[in-house]
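Enquirer: The structure's right below; bear with me while I get my questions together.
All of the numbers you see were taken from the coordinates with simple rules; none came from a lab. Please read these numbers as outputs of a predicted model, since none were measured by experiment.
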Amino acid sequence: MNYSGAIVPSNTAMRTFLTAFCLLLSVAASAAPAPYYRWQSIVDGTVICRQTSPGEGWQRLDEQPFRDLNCSMPAARVDSPSGVPGFRPQPGR
């Protein structure tokens with residue numbers, strides 16, 4: 001058959017595209033869920049646990065992040081993960 005006018009990618013271009021696509025998928029799959037925080041009502045002092053601000057009239061109770069929606073399991077802070085080769089902490093943290 002004659003494929004005149006059809007655009008057929010080369011093997012190198014296809015390999016490059018597939019490699020970039022696989023790298024993008026691996027980065028997206030490593031994303032962690034957002035932490036939960038305790039929020040306190042300015043009006044009556046009620047404390048709730050949410051990932052984001054419930055709106056006006058609420059302030060974050062403290063800066064402690066939690067892993068669960070009951071705010072009972074603190075999120076572990078890792079200052080220098082030993083499993084990451086070449087890890088360098090940023091200045092000021």
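Enquirer: Fully extended, how many nm does the chain gain between Cys49 and Asn11 (0.36 nm per residue separation, minus their Cα-Cα distance)? Write down the numbers at each step before the final one.
Expert: Working: separation 38, 0.36 × 38 = 13.68 nm, distance 5.19 nm.
Taking Cys49 through Asn11 to full extension adds about 8.5 nm, to one decimal.
Enquirer: Another question, if that's okay. Would you kindly derive the ³J(HN,Hα) couplings of the range 42-53 from the backbone phi angles with the Karplus curve 6.51 cos²θ - 1.76 cosθ + 1.60 (θ = phi - 60°), listing them in order in whole Hz, with x for Gly and Pro?
Expert: So the Karplus estimates, Gly and Pro as x, are 6, 6, 10, x, 4, 10, 10, 10, 9, 7, 10, 4 Hz.
Enquirer: Once amide H atoms are placed 1.01 Å from N in the peptide plane, what residues at a sequence separation of 5 or more from Trp58, or on another chain, have their amide H within under 5 Å of its amide H?
Expert: Under 5 Å from the amide H of Trp58: Ile42.
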